[in-house]
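No lab work stands behind these numbers, since they all come straight from the coordinates. Not measured: the values here are computed from a predicted model. Glycine gets a Cβ as well: all are built from the backbone with ideal geometry, and neighbour counts include every protein chain shown.
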Amino acid sequence: MWERHGEVPPERWDTILTFAREKLPRQQLHWPAIGREALSASIAHKHKHTTGGLDGVSLQDLKAMPPAALDNFLAMFHHAESTGSWPPQLVAGRVTCLAKTANPLGALDFRPITVFGLLYRCWGTYQARQAIRMLDSVLPVMDLLLDQKKTHVWSISAAGRKQIRAQGFGTVAFGKSLGAHIQFTRQHTNSAMKGLRADGAGANPLVHLGLVEVPSVDPLCWPVMQTLRLARDCGARSRVEGLLATLANGTRTSHRSCFNGLDATDPGDTRKWLTTLDRSDQVPDDVRSASVDLPEALTVSGWSLMPTTMVEWNQYFAGLSHSGPLMFHHDGDVDLFTDGSCQNQHCHKSRFAGWAIVFASTSAVHDYTGSQVIDAGVLPGILQSAVRAEIFAVLQALKLTVRHKGTVRLWSDCDSVVRRVTKLLQGALDAVAAFAYSWGDSREVFRTYVGHRLVQVRADVNLLLSDQLEHVFLDLVSHLVTKNKSGAACF
């Protein structure tokens, strides 16, 4: 049953191949061969429970291999790439059948999965990422139209489902019918309230799950966030922004006077206050009568008042932009130290962050006059945090040195940033998909570097710096601290 493709005559593919030869542009794509660092990274990123192949080599075996053994594997890869001949142990696959239904009966109820050796899979992962990166730079942006007859959607409201059907789309009643898009009905929402023991008289699931609890507790939160992520990763920016601009949120609790004014509340602060109360505690009378001119949500229900300047505060950071110097010119290798910090990191309502890039001169051991702050500023964007400031500084450093001919060494004390930048430099341009707001346009930045530019990223400067460079770094830090305390304009 699974060998049906073996009976397909070769001429069956002529139509597709003819179209490709006549219509698709021809490209000569080249990328560097897999190296020791890329192989080590591919091994390290495999899941700890991943299964091995018929060659008997486990993931633990590969992780324990010394550098010399990895070099032998690389030689094997290079030989296979030039001759097309692979060791039979690597290309022998073990077929595993995964059931597609709860009660599989026939062959079509199983999905065959072929498991090759780990080394072959590591090589394939590297080649696939390089090929995708190359194709991504030459293929046009495609705006795929939905086939209404094959597209099934769902809405959390009856009015939404009616509107969808009027547009010609079919609706489904269960999340499993949507495949990867899992949606939730009111039944799931009520179950969540029962699980939290918050289904008492007068309790509103929309308010409790969306505001009182952490929003991720709400079953409706996941599909909304996933939809936004998919729109961000798969949609054309101009069309997505145009669509979102036409959407407006309306309250579904306006019929309850005790919930009037929720738009002026601070759910996070309220949530923190509720953790100090017992279930039997009631809103104090002095809170009820403190400000009779405020909506009932703030006086009767006891919600915290959002600072009146909160919107203006967020608008200020959202409106910030940074142009900075367009290029940094220097002959030879470059050592750039990046850093970010945040004031009031523990308080999301009042924190603000800054960042800086320092060029470290190594021309003399105790002379820091050649070192300089080449770029610095306030962190743009609503999300103000130390980690995001670290990320922004690294991205700015890469933009400044995009045309530099020598080696660029980036020094950062943020281990998580170093790990993710290393993945990006190795071609894993999807490594920041889950943190797109913090990394911004990093994919466009790293496309210039991957496979073409020599960039080294280091962490823990106190341990990795040579003795000479460490003295320069410590003197530089002392110099910058002095300038900071003196109120220099660059700070």
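How do 206-218, 384-396 rank on mean C-beta neighbours within 10 Å, highest first?
Descending packing order for the listed peptides: 384-396, 206-218.
Treat every Asp and Glu Cβ in the range 4-137 as -1 and every Lys and Arg Cβ as +1, leave all other atoms uncharged, and give the resulting dipole magnitude about the Cα centre to the nearest 20 debye.
Using only the charged Cβ atoms, the result is roughly 340 debye.
Give me Val300, Val138 ranked fewest to most by other Cβ atoms within 10 Å of their Cβ, as a rough exposure proxy.
Taking fewest neighbouring Cβ atoms as first place, the list is Val138, Val300.
Whose amide H sits under 5 Å from the amide H of Met306, counting only residues 5 or more places off or on another chain, with H placed in the peptide plane?
Under 5 Å from the amide H of Met306 lie the amide H atoms of Thr265, Asp266, each far enough along the sequence or on another chain.
Please turn the phi angles of the range 338-354 into ³J(HN,Hα) values with the Karplus equation 6.51 cos²θ - 1.76 cosθ + 1.60 (θ = phi - 60°), one per residue in order, whole Hz, x for glycine and proline.
10, 7, x, 9, 9, 7, 6, 4, 6, 10, 5, 7, 10, 7, 8, 10, x
Give me Ser321, Ser341 sorted ascending by neighbouring Cβ count inside 10 Å, so fewest comes first.
Ranked by crowding around the Cβ, least crowded first: Ser321, Ser341.
Which whole-Hz ³J(HN,Hα) couplings does the range 392-404 yield from phi under the Karplus relation 6.51 cos²θ - 1.76 cosθ + 1.60, θ = phi - 60°, glycine and proline marked x?
Per residue, the Karplus-derived 3J(HN,Hα) values read 4, 5, 5, 4, 5, 5, 5, 5, 5, 10, 5, 9, 5 Hz.
In the structure shown, do any of Lys23/Lys46; Lys63/Lys423; Lys48/Lys423; Lys46/Lys100; Lys399/Lys423 have a Cα-Cα gap over 27 Å, and if so which?
In this structure, Lys23/Lys46 lie more than 27 Å apart at Cα.
May I ask you to derive the relative contact order of the range 4-137, considering only C-alpha pairs under 8 Å and at least 6 residues apart, and to give it as an integer percent?
After rounding, I find 27 percent.
Can you give the percent of C-alpha pairs in the range 4-137 whose distance is more than 17 Å?
71 percent
Among Leu98, Leu336, Leu383, what is the fewest-to-most ranking by other Cβ atoms within 10 Å?
So the ranking, lowest neighbour count to highest, is Leu98, Leu383, Leu336.
Rounded to whole Hz and in sequence order, give me ³J(HN,Hα) for the range 60-71 from the Karplus expression 6.51 cos²θ - 1.76 cosθ + 1.60, θ = phi - 60°, writing x for Gly and Pro.
Values per residue, Gly and Pro as x: 4, 4, 5, 5, 8, 6, x, x, 4, 5, 4, 5 Hz.
What is the packing order of peptides 126-137, 21-32, 56-67, taking the mean over residues of other C-beta atoms within 10 Å and listing the highest first?
Top of the packing list down: 126-137, 56-67, 21-32.
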